[in-house]
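No lab work stands behind these numbers, since they all come straight from the coordinates. Not measured: the values here are computed from a predicted model. Neighbour counts are summed over all protein chains in view; Cβ atoms, including those assigned to glycine, are modelled from backbone coordinates with ideal geometry.
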Ligand SMILES: [Zn+2]
C-alpha cells in the first residue's frame, strides 16, 4: 500500500537571521522560514507529521505550560501566524476533526514542530526515545526551543506514546518510515513517504534551508555539528537509493514545491 495524499499545512512563518538558519551565511539577512506540519492519508490510518507552532504559546508565552516560557517574548517578535493556521483549523477545512488523527509522528520536540500536541489526546505519538529524554533537560541554546508547555502532555498516562529507537515502519508496508537523523537535536528523525506517484523524504530540520542541505551548513544552534553532517548524508543516500524528492522543512522554495491545501501530493 502507499500513502494516498500528502498535505502540507503551514502553521506560521518565523523570520530568523539567515546566518542562524544556515551557519554564518549572509549575516544580517532575514530568512523567512515556513513552519508547516503534514497530513498523510493512508488506507489504514491518518498520520500527522509534526504539529507546528502553538497559538496559545504565541498569545502568552509567560504563562505557557507548567513553568512558562518568558524568553519566547522576544523571539516571537518575528513570528507571523497570519500566513498559517493551526493544525486543527487545517484539518477542519479538509473535513476532519482532531480525533480522526490516528498517529502523530514528531520529527523532534522544538516549539516550532511540537506545539499543539494537546490537540490530539487520542492519537498514538511516535517519537525517538532520545528526543523525549533530552527535551526535558536540554543544554545551552537548545533550552530556548524546548518548551514544556508543548510536550509535557506526553508524560501523562492518558497519552499513548511509542518511544522508538532507530527506524520505524508505521504501517509495516514501507509507505511511512521514520528514520533517525540526529544532529539538529539528539533524537531528530525524518520521514520517508511512499506515494503512488513518487517518494518524498520530509527531512524536517536535518538542515534549515535548501542551500544548507546542499552544502552541509546547518543551523547555528544545532546540538551536534558532526551528527548533523552525517544525517544530511543519510538523507542524501536514502534519496538516491529510493529516487526520492527531499523537502527541507523551513525552506520557502521547497515548501512552495508542495501544493497548497486542499490540494495534495498523491
Ligand atoms: Zn524547526
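Residue 182 meets each of the listed conditions (1) away from the ligand (no atom under 14 Å from the Cβ); (2) not in a loop (DSSP other than H, G, I, E, B) apart from (2).
Within the stretch 198-216, if we keep just the residues that are within 14 Å of residue 180 (Cα to Cα) and out of contact with any helix residue (DSSP H, G or I) (no Cβ under 6 Å at 6 or more places or on another chain), the residue that is nearest to the ligand (Cβ to nearest atom) turns out to be 205.
The condition of being within 16 Å of the ligand (Cβ to nearest atom), within 16 Å of residue 8 (Cα to Cα) and in contact (Cβ under 8 Å) with a residue 40 or more places away in the chain holds for only one of 191, 195, 258, that being 191.
Only residues that are under 22 Å from residue 208 (Cβ atoms) and in a loop (DSSP other than H, G, I, E, B): list them for the stretch 1-55, please. Correct list: 22, 23, 24, 25, 26, 27, 28, 29, 50, 51, 53, 54. Listed by position, the helices (runs of 4 or more DSSP H) inside the stretch 59-131 whose residues that are without any contact (Cβ under 8 Å) to a residue 40 or more places away in the chain number at least 1 are 72-75, 87-93.
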